[in-house]
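Only the coordinates and a few stated rules stand behind these numbers; no lab work does. Since the model is a prediction, treat every value here as computed from it, not as a measurement. Don't worry about glycine lacking a Cβ; one is built from the backbone with ideal geometry, like all the others, and counts go over all protein chains shown.
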Amino acid sequence: MILITGATGNIGGRLAKRLLDDGEQIRVVSRKTEKLAELVGLGAEPMVGDLLDPDFVGGALDGCEKAFLVVQGNVRNGQHYEEELQVGENFANSLKSAGISHLIFSGSMGADKSTGSPIIEAKGEIEKMLKETGVPATVLRPGNFFENMFNFLETISSGFFTYPLDGGVKVPYVSVDDIARIAYKALKRGPKGWEVYDLAGAEDYSMRDIAVALSDKLNRMIKYVRIADDQFVEVFTGFGISEKFCEDMLAMFRFFERAEFDYDREIVAGEFDYQPMTMKQFLPKLVKMIK
Ligand SMILES: NC(=O)c1ccc[n+]([C@@H]2O[C@H](COP(=O)([O-])OP(=O)(O)OC[C@H]3O[C@@H](n4cnc5c(N)ncnc54)[C@H](OP(=O)(O)O)[C@@H]3O)[C@@H](O)[C@H]2O)c1
């Protein structure tokens, strides 16, 4: 039995389907029964509860040999960092007694660096807690998700997209399909002690690179517009995102601006026989959804 957290989310959902297709027995976690209906229909065992609850985590891991962990703190209540650490701690405290022989943790690019952003630093703290358990684990550190671009469908239709980030800064991009694929391959391959992989995708792209490629694909001008930090906070808090999460996102953008990304893409490609998705391959998915 394999425990899949985040099973109603981007990575866990894709991983769950791959494993079910393969006839694996999986247990899928969500806080809401109805969100698990599709996976249960495909044969997964539902596990409804909150990963912030240590007893729930212990029960969810009980009887599993392997587990996939992804954490997502609440972006609305200002406690996202504390929540992610709590979930990490709950896992670290239960992995050994549950007899887990292989854990996959999907964290974040930069988890080993001093980024100044609690969004990334939470993943580094969780890595440390998990490592201390001595349980064999494969840690994936994905770069920016291409799928973040789906947040801009509406403005792209009007000819632009925005972030409070320098348009020329190049950042590694990866697709959530690829993260799920590597997690799947790692589970199939089995444990190799403690191992960490940077998932930097095929290339680094800047916001301007994305705007140029989109303009080319759509045959009309799409502009990237850098917005001021306070404008970003105003818009995002208007959507109910906490000010704290906005601040931590801004700190992450500042990290992107000073980081010099220099990942060895061959390591993960060699280990998992992996050809990462390029922006050119991703764009048709985005364009299909733009009006
Ligand atoms: N976006 C990026 O560019 C990027 C880049 C690198 C790393 N990351 C990291 O990737 C992670 C997000 O992965 P994702 O996109 O696959 O997730 P997602 O689509 O945002 O889904 C979040 C999942 O977490 C579950 N969840 C949240 N809080 C929970 C709780 N207290 N108890 C039980 N389940 C809970 C949700 O389940 P229910 O709501 O159904 O309960 C849902 O399945 C985050 O750690 C993020 O920092 C993101």
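Tabulated data
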| item | result |
| --- | --- |
| Sites matching trypsin sites (Lys or Arg not before Pro) across segment 8-75 that sit in DSSP coil, with at most 11 neighbouring C-beta atoms within 10 Å | Lys32 |
| Least to most buried among Met277, Met1, Met149 (fewest other Cβ within 10 Å first) | Met1, Met277, Met149 |
| Antiparallel content of DSSP bridges confined to segment 140-291, in %, to 5 | 20 |
| Top positive-direction residue, dipole computed over segment 83-224 with Cβ charges, set Ser158, Phe105, Ser117 | Phe105 |
| Other-chain or far-sequence residues with amide H under 5 Å of Gly73's (modelled H) | Glu84 |
| Extension gain, Asp21 back to Phe150 (0.36 nm per residue minus Cα-Cα distance, nm) | 43.8 nm |
| Nonlocal amide H pairs with Phe160, under 5 Å, H built at 1.01 Å | Lys223 |
| Kirkwood Rh, Cα atoms: Rg over Rh of the chain | 0.96 |
| Rounded to 5, percent antiparallel among DSSP beta bridges of the chain | 5 |
| Hull-based mean projected area of segment 69-124, where the convex hull spans the alpha carbons, in square nanometres | 4.1 |
| Nonlocal amide H pairs with Tyr173, under 5 Å, H built at 1.01 Å | Ala202, Glu203, Tyr205 |
| Subset of Lys35/Lys66; Lys96/Lys188; Lys123/Lys291; Lys244/Lys291 violating a 31 Å alpha-carbon distance limit | Lys123/Lys291; Lys244/Lys291 |
| Neighbour-count order for Tyr205, Tyr163, Tyr173, fewest beta carbons within 10 angstrom listed first | Tyr163, Tyr205, Tyr173 |
| Trypsin sites (Lys or Arg not before Pro) restricted to segment 188-242 and DSSP loop, no more than 13 other C-beta within 10 Å | Lys192, Arg220 |
| Nearest-20 debye value, the chain charge dipole, Cβ charges on Lys, Arg, Asp, Glu | 920 |
| Residues Tyr184, Tyr274 arranged by fewest to most Cβ contacts within 10 Å | Tyr274, Tyr184 |
